[in-house]
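Q: This is the structure I want to talk about, given as structure tokens.
Taken together, the values in this text are just the output of simple stated rules run on the coordinates, not laboratory data. Here the structure is a predicted model, which means the values were calculated and not measured.
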Amino acid sequence: MNKLLILTLLGAMSVAMAAQAPAAFKKCMACHGANGQKVAPGAKGGVTIAGLSKDKLLKDLKGYKAGTADNGGAKAIMYSQMKNVSEADIEVLADYISKLPSKK
């Protein structure tokens, strides 16, 4: 019974977080999940983006936009996704993702 309640609450939290997500994060959800806790295609070591530091996220997102970042995942997808993302949206994304709870 407790497990069912916990799963229900986690699901509700994911939906609520997705509703509050910045518009730029909407296209990230397909690979990274609504709460950033999904392991993206090609990701190595089961790493998720939720809870990464803002500095790391800024570095990585700017690197993907420039076509230079390589974190061992499906970098071609990230290069394509980040190509037209503005610097302002990169800041918003890094701030938002850094505040998502990391996968436990």
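Q: Name the residues whose placed amide hydrogens come within less than 5 Å of the amide hydrogen of Ala43, ignoring near sequence neighbours (fewer than 5 apart) on the same chain.
A: Those qualifying (amide H under 5 Å, at least 5 residues apart or on another chain) are Ala74.
Q: Anything over 18 Å Cα to Cα? Flag those among Lys26/Lys99; Lys38/Lys99; Lys65/Lys99, in the order listed.
A: Working: Lys26/Lys99 16 Å; Lys38/Lys99 15 Å; Lys65/Lys99 22 Å.
Exceeds cut-off: Lys65/Lys99.
Q: What list of ³J(HN,Hα) values in whole Hz, one per residue of region 32-41 in order, does the Karplus curve 6.51 cos²θ - 1.76 cosθ + 1.60 (θ = phi - 60°) give from phi, with Gly and Pro shown as x?
A: Residue by residue, region 32-41 yields 9, x, 5, 10, x, 9, 8, 6, 6, x Hz.
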